[in-house]
Each structure stands twice: as C-alpha cells, then as structure tokens.
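Note sheet for the following structure.
Read the figures in this text as sums done on the coordinates, not as results from a lab. Quantities reported herein were computed from a predicted structural model and do not represent experimental measurements. Cβ coordinates were reconstructed from backbone atoms using ideal geometry, including for glycine residues, and neighbour counts include every protein chain displayed.
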Amino acid sequence: MDLIDIARPAAGGAETGIYHYDNLDRAYLARRVEEFREQVGRRLSGALTEDEFKPLRLMNGLYLQLHAYMLRVAIPYGVLSGRQMRKLAEIGRKYDRDYGHFTTRQNIQFNWIKLEQTPDILAELAEVDIHAIQTSGNCIRNVTTDQFAGAAADEIIDPRVYAEILRQWSTDHPEFAFLPRKFKIALTGSEQDRAAIKLHDIGVLTKRNADGVPGFTIYVGGGLGRTPVIGVKIRDWLPVSDLLRYMEAILRVYNAQGRRDNLYKARIKILVRETGAEKFAALVEEEFASLSGDRFNLAPAVVAVIQARFGAPQFATLPEVSTIFDSAVAADPDFAQWTRTNLHPHRVPGYASAVISLKPIGGIPGDATSDQMDLVADLADRHSFGEIRVAHEQNLVLPHVRRDDLYPLWQQLRRPGIETANIGLVTDIIACPGLDYCDLANARSIPVAQAISNRFADLARQHDIGELHVNISGCINACAHHHIGHIGILGVDKHGQEAYQITLGGAADENAALGQLLGSAIPAEQVPDLIEAVIGHYLARRTPGERFIDTFRRVGMATFKEALRAER
Amino acid sequence: MPLHVVTASRLRDGAIMWRASAGGWTEHFPQAAPFPGDAIDAALEAGQADVRTQQVIGVYKVAVTETRSGLAPESVRERIRARGPSVRPDFMYPGA
Ligand code: SF4
C-alpha cells in the first residue's frame, strides 16, 4: 500500500465511508494476486513443498482448517461499502457454501475454500479494493475500531482516518513483517471504549487534554489467549500528530526485545510484564525521542488528505426529533423493542446508527448467508449512504440512517436471521467457530451458543435481564474473547471429552476486567442450566437500574459461588 | 489390538481424505480402511508417498473403534471430520 502522499488529490466518487484506493494501490494489489497465483501454481506442480508454501499462503489469509481451506478476508477497521458487501456475498455464493462468518476482528472468513480457486477469489476481491493481506502471520494485523466509527455522537476524532493511516504504515512495513509474534492494534475515536482496546497489543483511546485538545491515550501489552492481561497505560495524552512516531517507537522496542525463543512468551504483553511497565514506557519514550519528528509527523494537511479519501455523506438538515419514528414506536411494540437495543446515537441530528443482529435465536453467531449480505448491501444503499460497519461483536451496522427511515428499514429487516432485537443482551453471544471448523479447537463453541440462545429465546425475558455479554471460545486462543465476557465460556478437553469452564465478571469497556473462574469444567449439556442459575442469582440480587456486571461487581464472585453451591 | 484409519487433506481443495482399502483415497469415511496394530505404519508410509506427489498433505492416523454401524473415530474432532460440522446438518458428508 502506498504511504501517505499529500500531493495526491483526494478521490471523489459517490461511495462514502470507505477509503478510496488510487491506481497505485490497485496496481499493488494486482501484483500481490499474481504473485500468489504463481506461488499456488508452483505448489500444485510440486516446485514448492508444503513447508515452503505454508507461510506464503498464510500471508494471503489462507489457512487449512478441519474441513477445507479457510480464507480470512480483511475488512479494514470493519468498514465496508454496499458494493464490497455484494462482492463478499458473491464470493460466498460462487466459491463457498453460500455464506460467510464475521469475526471478532471485524474480518470475514470463508470456510470451504479451494486452494486452486484462491487466486481467482483474491482477484475478484481486488476488484472492489479488498484483500486478505496480513490477516495471518507475525505481522501487524487488521487495525480494529469502534463499529460506530464516523457516526457516533460521542466521537472526538474519526477513528477510521487514523486506522487507515496505521494500515498504510503497517502494510508491508519492511521492519515489522516478521515480528516475534502477531500484533494487534485497536483504536477508538471517543472516550468510551467500544473496541476492547485494553485487550490488544496496543490500545489507542481518544481523549481531550485539559485544554480540550484531542489526543490519544496509549495502552500496551493487553491480550487474551493463554496469558490474559489487561493493557497498561504508557502515555496519558499523545498529540494526534505524533501517533505514527509513537507506534513506530513501540514496535521498534518490541521487535528488538520481544522474545523469539519461546512461542508462548513472544507477545508484547510478556515483554511489558518482564520489563516492567514503567521501564518499558521509558524505552518507548527514548526511542520516540530518537525518531525524526518530520518523517512521522501527521500534519493536519496529511490527515485531511486521508479524511478526504473517505468522502463525506451529504447529511440532510433534520430536526433531532422524528415524529414518524415516535409514532411508529408508539404503535408497534415489536419495533419499539428493537429500537431499545439496536440503535446508537448519531452525531448528526435526525440520524441514528442501526445494528443488524447476526445472532438469530438458535443460530450460528456471526454467520450471514449470501442473500443476507446482499440484502444488507441494498439496505445500506437505500438508507445509509451505502455504508456498512462490522462490529467486533459479530454484528453489522448501518451507520447513518435517518430516524424517519428507521421503521421502514426495520420492516425490511424482518426476515429470518437478521431481525432479532437482542443487541447487548444474553443471546447476542460472541462465539468462535470452535471444533466444528477450527483445527486448533478443543471443544465446540457454536452448539453451546445455540443452546443458551434457545434457552433465553423469550425476547421480553432477555430485555428484562438487560445488558449481558456472553462469550464462548473453543480453546485457550480466546478468539471469542471469553475472558472479557460478563459470562465467559471456554471449551477444554477433559480426558478426551468436551467440557466448559465458566468465568464471571469479565468486561471489555473502560473498566476492562478479566473474568474469574466459577468452578471446574462441566459438560455442554449442563451449561445452559448453570447460566440460568447465574442469571437467576443476579436477578434476585440486582438493585434498580443495575446491569449484570454492576451487580457482580457489587456483590462479588464469592456471593455467586455461594448461591450456586446452595442451589445444588 | 488398536485400530486406526489414515487421514489427510487433499492439496488442491483441502477436502478431508481417508485411505481406502484398495489403496488410494476416498472422501467417504465409511469407505476408510481399518489397519490393526502395526499395520498402520505401512499405511501411513503409503499415505506419505502421496504427499510427495502433491495429492494430499497432513497425513496422520486416527484411532477408531468398531461399532454395529461400522467404524467410528474415537475423538470428537475426528467424528466431526468424518461426518461434517455438527451444526450444519445440510453439510453432512455423504454416507456419514
Ligand atoms: S478460540 Fe480456538 S477454537 Fe476458537 S477459533 Fe480461535 S483457535 Fe479456533
């Protein structure tokens, strides 16, 4: 990808929301596709062995999973256009089994891919400026951000712009292509953390300083997996113009000092822990001071060029209140219920962001059929300037919908699979593919998610229980972030059988916390009963207005354990 | 005596393969050949030969037991590989 060139004019075009490629970007992608086509040809002919080829295919997002190859396609910071979504639908239809799986890293995975067709798939994706580069390997992966990026009422800066800058900086960065281990950055454009930033190798939170100037708070060394750690703050406020220089400094320290002798100790979290946060911060500051301010400086003109490449939706001037919306809420209780969970405040009066749930009752979390993807693309074109976001919670977002249009939009969403009014509720379960698809899994995730979803199918009951995040991972790699679920479920192998450990009290927000273990692992069929008992205890103890996590924090783990023991 | 079958993934499309009785590979687990005791070693070696000719990758043995309805893999993982994802009955492998 080309680095920022402020001389280049901003691309125009009707499409807003996504970063517009120019010919240089497209030529680069085309070259990468042809390079991979040639590599696949050499593998199939035997000129390359599997050992030689594996790193090459992984660099292009192609894994070998339980049933077939899996292609992980990057959705940069979760932002898609309707046109791009239609292409993903087409890939699903033409090369896979008519669906795709949206992940917690705001990417999409296709589970039934053929090696021999992958170069053609990548060529088709490149037609709409999408690729699978750096979705694997020990490099800087897709930068993730807030699913309401560019739309949220509380946004201080547009995180897409800085995520794009980080993407350009990190793509094919010659120094950081072979880091000690994979590296994940999350960035959020408001003071509210909607991107779980403290659980990433680097977390970037936007905030204003005492003078009201926007800047970034920097966290490092967060991560889940085998050794879950909450990131530590190493800079309280960094001028926005220094973001790249600071990132470069952190990566240099990590690249030079991160451990390469032990796979389990190679992530930056271990380096930060072993060095000590204060000393690590000092090393970064030292490196930062040594880097040329000019070379990495994000001058306002540079940022403006990137911002312009996204294009700006032409919002209408509307009153804050929509009488059409208010009347529909009053007249239709099902719609009213949907509006309580599936909307998010917009920065422009008269608009809202609408969340499309990919968590139908009893369904597979994050899966969308090609028809559903096409429908969402059409709805985005009709109601949201063609813009779509992918949430790390495995849902989709139409970021800019007129409040007047929300009722007609909802009526069009009333189709199986995407109509559920459950965002943030107990059935909005984050689950990884688990042992049904994943080569690394210990246990299945999806059937457990389905069983819980079916148990709490009653929407009125879900709404009564209120905000509650359930996360299920099929192994310690924690792709579904089980450590930070209010209720976390981890699949383990217990004497050759699938079993599940439950944790309580995890959180991914500004008060990020790791869940605490409730007891020993239990078989799948006991999980819904246990979750029911945990929720029952919460309902019995909650005070007015308390969410599950609030009650948990107030009464503590011991009370939950005690209550569950007494019930048994 | 322990009983095993041999499995791999087909290189060109990643499909799950099982070593068949007459040699060669099948996509259908019910047609997988069982190898008792040490016989598995020669079967694995034969499978490895097909790695060298770009037919398959990742050859390994899978412990199975004999049941009334035929062979069954002992581990959940291999049962899922033999039958298809448990959450998509529409993707169940033929004959599973
Ligand atoms: S958590 Fe484990 S089982 Fe789940 S997708 Fe990640 S690696 Fe696979």
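Per-structure values
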{"quantity": "Ranked list, fewest to most other Cβ atoms within 10 Å of each Cβ, for B:E78, A:E387", "calculated": "B:E78, A:E387"}
{"quantity": "³J(HN,Hα), Karplus 6.51/-1.76/1.60, whole Hz, each residue of segment B:36-51, x for Gly, Pro", "calculated": "x, x, 6, 4, 5, 4, 5, 5, 5, 4, 5, x, 4, 4, 6, 5"}
{"quantity": "Rounded Å value of the spacing that divides the Cα centres of segment A:337-412 and segment A:237-297", "calculated": "38 Å"}
{"quantity": "Beta bridges by DSSP in chain A, antiparallel share as percent, to the nearest 5", "calculated": "80 percent"}
{"quantity": "Alpha-carbon centroids, segment A:172-191 and segment A:87-108: separation in whole Å", "calculated": "24 Å"}
{"quantity": "If the convex hull is drawn through the Cα atoms of segment A:126-198, its volume per residue in Å³", "calculated": "100 Å³"}
{"quantity": "Shielding by partners - mean other protein chain Cβ count within 10 Å, residues of B:75-88", "calculated": "6"}
{"quantity": "Shielding by other protein chains, A:289-301, mean Cβ within 10 Å", "calculated": "0"}
{"quantity": "Above-threshold pairs, the threshold being 29 Å between Cα atoms, out of A:K265/A:K494; A:K265/B:K61; A:K184/A:K207; A:K184/A:K359", "calculated": "A:K265/B:K61"}
{"quantity": "Amide H within-cut-off set for A:L187, under 5 Å, with H built and near neighbours excluded", "calculated": "A:T144, A:T145, A:D146, A:V204"}
{"quantity": "Eligible aspartates and glutamates near A:K279 by straight Cα distance, threshold 20 Å, same-chain separation 8 or greater", "calculated": "A:D201, A:D236, A:E248, A:E287"}
{"quantity": "Taking the C-alpha atoms of segment A:259-299, convex hull volume expressed per residue in Å³", "calculated": "100 Å³"}
{"quantity": "Stokes-Einstein diffusion coefficient of chain A, Kirkwood radius over Cα pairs, 25 °C, 0.890 mPa s, in µm²/s", "calculated": "101 µm²/s"}
{"quantity": "Residues whose placed amide H lies under 5 Å from that of A:A391, excluding near-sequence neighbours", "calculated": "A:L396, A:V397"}
{"quantity": "Filtered trypsin sites (Lys or Arg not before Pro), segment A:394-488: DSSP coil and at most 15 other beta carbons within 10 Å", "calculated": "A:R414"}
{"quantity": "Net charge dipole size for the protein assembly as shown [Lys, Arg +1 and Asp, Glu -1 on Cβ; Debye, nearest 20]", "calculated": "1080 debye"}
{"quantity": "Cysteines (scope the protein assembly as shown) whose Cβ has no counterpart Cys Cβ under 4.7 Å", "calculated": "A:C139, A:C438, A:C475"}
{"quantity": "Under 5 Å, built H, 5+ apart or other chain: amide partners of A:F216", "calculated": "A:K207, A:L238, A:V240"}
